[in-house]
Amino acid sequence: MTDEQKAERAAWMGLLARSQPSELARLMPALPPHDTIRAPEIGTTMIRGRAGATGAAFNLGEMTVTRCAVRLASGVEGHGYVQGRDKDHARNAALIDALMQGPEAVALRAAVLAPLQASATARARARAGEAAATKVEFFTMVRGE
């Protein structure tokens, strides 16, 4: 797998992980026959941060994650890691990951990933609008001395 393919896969896996579980379930195609390699399981992961986004890394805290791994009848494996405790979300993300590595990728990109990206963009714009509404600008006036 080339670096470009790895980056592309990381991008769709990230999009699936950040998607709303109900929206992903609604957009899912009919589930193909598959074997469960790793049943959805809940755990935690350490979140790291950086002071000012540039300083030395430090442990910020733990976050709950759910992971799942599946294998399609074709032998392609898919993995899903999602924030929270939603096992169905993790399984759906793993199935889409597996399907995106096969001939269904073009159709899935249009039917599933594009609507998820549009929703993610809309949510980001809404958050930015809420933050902008609270922005305070300070200015100083120069006295004529």
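With the requirement that a residue be under 17 Å from GLU77 (Cα atoms), basic (Lys, Arg) and in contact (Cβ under 8 Å) with a residue 12 or more places away in the chain, what does segment 1-21 give you?
Within segment 1-21, just ARG9 meets the criteria.
Of all residues in segment 2-28, which are of a type outside the set (Gly, Ala, Ser), surrounded by fewer than 18 Cβ atoms within 10 Å (Cβ to Cβ) and more than 14 Å from MET100 (Cα to Cα)?
THR2, ASP3, GLU4, ARG18, GLN20, PRO21, GLU23, ARG26
List the number of the failed condition for LEU24; all other conditions in (1) more than 14 Å from LEU95 (Cβ to Cβ); (2) in contact (Cβ under 8 Å) with a residue 24 or more places away in the chain hold.
Here LEU24 clears every test but (1).
Looking at this structure, is THR36 exposed (fewer than 11 other Cβ atoms within 10 Å of the Cβ), farther than 21 Å from ALA111 by Cβ and either in contact with an Asp or Glu (Cβ under 7 Å, 6 or more places away or on another chain) or hydroxyl-bearing (Ser, Thr, Tyr) (or both)?
no
Within segment 56-85, can you find the residues that are under 12 Å from GLY43 (Cβ atoms) and surrounded by fewer than 17 Cβ atoms within 10 Å (Cβ to Cβ)?
Matches in segment 56-85: GLU62, MET63, THR64, GLN83, GLY84, ARG85.
Suppose we keep only residues that are hydrophobic (A, V, I, L, M, F, W, C) and touching a residue at least 12 places away in the same chain (Cβ under 8 Å) within segment 113-128. Which one would you say is surrounded by the fewest Cβ atoms within 10 Å (Cβ to Cβ)?
The extreme case among them is ALA120.
Run down GLY80, GLY43 and say which single residue is under 17 Å from TRP12 (Cα atoms), out of contact with any Phe, Trp or Tyr (no Cβ under 8 Å at 6 or more places or on another chain) and outside any helix (DSSP H, G or I).
Result: GLY80 is the single residue among GLY80, GLY43 that is under 17 Å from TRP12 (Cα atoms), out of contact with any Phe, Trp or Tyr (no Cβ under 8 Å at 6 or more places or on another chain) and outside any helix (DSSP H, G or I).
Which one is modelled with the lowest pLDDT, of the residues in segment 120-142 that are among the hydrophobic types (A, V, I, L, M, F, W, C) and within 24 Å of the chain's Cα centre (by Cα)?
Per the stated criteria, the residue is ALA131.
Can you tell which of ALA131, ALA110, ALA94 is surrounded by 14 or more Cβ atoms within 10 Å (Cβ to Cβ) and either touching a Ser or Thr at 6+ places or on another chain (Cβ under 6 Å) or among the small types (Gly, Ala, Ser) (or both)?
Residue meeting the stated conditions: ALA94.
So which residues in segment 88-112 are in a helix (DSSP H, G or I) and either over 22 Å from ALA39 (Cα atoms) or touching an Asp or Glu at 6+ places or on another chain (Cβ under 8 Å) (or both)?
Scanning segment 88-112 gives ALA98, ALA105, VAL106, ALA107, LEU108, ARG109, ALA110, ALA111, VAL112.
Can you find, within segment 1-40, the residue that is modelled with the lowest pLDDT among those that are in a loop (DSSP other than H, G, I, E, B), farther than 16 Å from CYS68 by Cβ and of a type in the set (A, V, I, L, M)?
So, considering only residues that are in a loop (DSSP other than H, G, I, E, B), farther than 16 Å from CYS68 by Cβ and of a type in the set (A, V, I, L, M), the one modelled with the lowest pLDDT is MET1.
The values are calculated or read from the model by the stated rules, or taken from the named source; none is laboratory data. These numbers were taken from a predicted model, which means no experiment stands behind them. Note that we place each Cβ from the backbone using ideal geometry, even for glycine, and neighbour counts take in every protein chain shown.
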